[in-house]
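Novice: Structure provided below as structure tokens; questions to follow.
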Amino acid sequence: MSAASTLGDLAAGIAIRTEESVLTTELQAGSEEAFALLISQYQAPIYSLISRVLNDPSDAADITQDVFIKVFRNIGSFHGDSSLRTWIYRIALREASNQRRWWSRHRGREITIETETNASDEGKSTYLKDLLVDGHASPYELTEHQEIREKVELELRRLQEPFRTVVILRDLEGLPYDEIADILSTHLGTVKSRLVRGRAMLRSRLQPLMAQASSERAILSGRRAVSSTSTSEASGLTRSAEGHLFGEAV
């Protein structure tokens, strides 16, 4: 990395911390404008995080609201020991964890048409941003992509903790390893270990789906269907997915 790039990153980091410090000061002074700005910045990512961590994503809106109520009530106790984002994410994960415990106690035995009967399978998890971005055009491809998205979201909810949260924070939220460790109050090595295991479970679970999607696209375009051993070569979507989720050095 060049010296200019390093200095640029340092300057950007200082600017972010300065902006965050000003926002924190305004929040602690009770500024409604500052709180509205905070919500506009964090509502979408916090909702996304919570909806994927919860067993029942329909509760995500209420839990997100609870998070911001906790932030508003407790901002006076924030002393800048971590970044404001890290502090908010901790609150969000704590509220989601409380909701999961409630769900396990009170609703764990309920059976609905959405209940999965094969939840004991080892591979379960989320996908990554690349598979959740719609880059297709034709009706067939749009339908196919929606099916993949739904499957990915389902597998995310089936990935056991603590692997699910780490995969979400790293591969979907894009947070750096050190911040994830700070949010979870754990060691950097633990974060990396959990990420490796979570990705491995995800890959095991999703490989058949990715192979099938590649074969169907090959048939649709008039090419011979490719075997599962050449999936990553036949599909740009698969190649992007595996490169991000399974190929990144940890």
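Values in this text are rule-based calculations from the coordinates and carry no lab data. None of these values were measured; they are calculated from a predicted model. Ideal geometry is used to build each Cβ from the backbone, glycine not excepted, and the neighbour counts take in all protein chains shown.
Novice: Given R₀ = 22 Å, FRET efficiency for residue 90-residue 28 by Cβ-Cβ distance, to 0.05?
Specialist: Working: r = 18 Å, r/R0 = 0.81.
After rounding to 0.05, the efficiency reads 0.80.
Novice: Work out the FRET efficiency for residue 81 and residue 147 from their Cβ-Cβ distance, taking R0 = 45 Å, and round it to the nearest 0.05.
Specialist: Working: r = 44 Å, r/R0 = 0.99.
With R0 = 45 Å, the Cβ-Cβ based efficiency is 0.50.
Novice: What nm value, rounded to one decimal, do you get for the distance between residue 44 and residue 204 when each label is placed 7 Å out toward the C-beta?
Specialist: 3.6 nm
Novice: Given a Förster radius of 22 Å and the C-beta distance between residue 73 and residue 18 as r, what FRET efficiency does 1/(1 + (r/R0)^6) yield to the nearest 0.05?
Specialist: Values: r = 26 Å, r/R0 = 1.16.
After rounding, the FRET efficiency stands at 0.30.
Novice: With θ taken as phi - 60° and the coefficients 6.51, -1.76 and 1.60, list the Karplus ³J(HN,Hα) couplings across the range 185-193 in order, rounded to whole Hz; mark glycine and proline as x.
Specialist: 6, 9, 7, 4, x, 5, 4, 5, 5
Novice: In nm, to one decimal, how far is the modelled label at residue 102 from the one at residue 55, with both set 7 Å along Cα→Cβ?
Specialist: Spacing of the two 7 Å Cα→Cβ label points: 1.3 nm.
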